[in-house]
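One structure below.
The values are calculated or read from the model by the stated rules, or taken from the named source; none is laboratory data. Since this is a predicted model, take the numbers as computed values, not measurements. When we count neighbours, we look across all protein chains shown, and the Cβ atoms used for this are built from the backbone with ideal geometry, even at glycine.
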């Protein structure tokens, strides 16, 4: 059995005209979809700020500016039948290239090469059946007036 451990994660919430950029995932065991902003694991010796810049560059090939920390969330969850525990640093930033905001969706790839597509979604997209994760993210975004 794999060792259970707490994972340190950095996510970035890019927002534009009441929408945020998210990736849609599907949990085949729970048969449930969910949305999560772009980001990934913080590597040893790397700050969360450095991690989010690296992740966005690696996954989307895009640069960012005006990076600021919004808050920290602790996430306990089950995905694909396995328990998970993450400490999540949540950032806000702007893309260097303003034309990115005109695209309805953006193609990217995970570190293992698996393709994915992120899209701009407003709060009506996030439901109990397809929530925004990690838990507490929607409330954090509402508190800083990024999601209504």
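Here are some notes:
- Taken over segment 121-139, the criterion of being modelled with pLDDT of 95 or more and in a helix (DSSP H, G or I) is satisfied by 137 alone.
Yes/no matrix, rows are residues, columns are (1) touching a helix residue (DSSP H, G or I) at 6+ places or on another chain (Cβ under 9 Å); (2) surrounded by 16 or more Cβ atoms within 10 Å (Cβ to Cβ); (3) closer than 19 Å to residue 137 by Cα:
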| site | (1), (2), (3) |
| --- | --- |
| 50 | no, no, no |
| 66 | no, no, no |
| 70 | yes, yes, yes |
| 77 | no, no, yes |
| 82 | no, no, no |
| 90 | yes, yes, yes |
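- Residues (touching a residue at least 24 places away in the same chain (Cβ under 8 Å) and touching a helix residue (DSSP H, G or I) at 6+ places or on another chain (Cβ under 9 Å)) located in segment 120-148: 120, 123, 126, 131, 132, 141, 146, 147, 148
- Pair list, Cβ < 6 Å and 6+ apart or interchain, from segment 85-101 residues that are at negative phi to residues that are surrounded by 17 or more Cβ atoms within 10 Å (Cβ to Cβ) and not in a strand (DSSP E or B): 88/134; 89/48; 91/52
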